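This is the structure, below, for whatever I ask next.
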Amino acid sequence: MQWHLVLGFVAAVTPLTLIPGTSFTLVTQQVIAGSRSDGARAALGSACGLLVHATFATVGLSALVMSSARALTVVKLVGGIYLIWLGVATWRSARRGVEPKKRGRWRLPWSQLGGFGQ
């Protein structure tokens, strides 16, 4: 084993693992907007989502997407459209002064699951 490569990898990956990600941001948002139990549900939902992702990766979904440029493009486009839609919906509700839980018309199908579903 070439230890200088391992040390280089650790040096490159460590800052990435220390930066708070989307899961941390979601949990923090749920705690600030709701309560500790909302944050715990968001953390549990994030852990379950990671478990599902790891299972799909094990089964081969990641390999399929990596081997097919068209599948990867579709996944990226759908994800991008979803993120843009979330941004526009959040921006519109902020302009109207509507709290996210009272949006009504722009409600996501899984919004009743609270922090866990998000």
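The values are calculated or read from the model by the stated rules, or taken from the named source; none is laboratory data. A quick note: this is a predicted structure, and the numbers were derived from the prediction, not measured. All Cβ positions, even for glycine, are placed from backbone atoms using ideal geometry, and neighbour counts span all protein chains on display.
Taking interchain pairs and intrachain pairs at least six residues apart, which have beta carbon atoms under 6 angstrom, with the first residue in the stretch 1-25 and surrounded by 10 or more Cβ atoms within 10 Å (Cβ to Cβ) and the second not charged (D, E, K, R)?
From residues that are surrounded by 10 or more Cβ atoms within 10 Å (Cβ to Cβ), the pairs are S23/S46.
Now, a different point. Identify, from the list G79, G87, G60, the residue that is of a type outside the set (A, V, I, L, M, F, W, C) and modelled with pLDDT under 80.
Unique residue meeting the criteria: G60.
Next question. Mind listing just one residue for me: the one in the stretch 1-33 that is outside any helix (DSSP H, G or I) and under 19 Å from the mean Cα position of the chain (by Cα) and, of those, nearest to G114 (Cα to Cα)?
G21
Hey, can you tell me all the residues within the stretch 39-84 that are within 27 Å of T28 (Cβ to Cβ), exposed (fewer than 11 other Cβ atoms within 10 Å of the Cβ) and outside the structural domain of T28 (by TED's automatic domain parsing)?
If the condition is that a residue be within 27 Å of T28 (Cβ to Cβ), exposed (fewer than 11 other Cβ atoms within 10 Å of the Cβ) and outside the structural domain of T28 (by TED's automatic domain parsing), then V78, G79, G80, I81, L83, I84 are the ones that fit.
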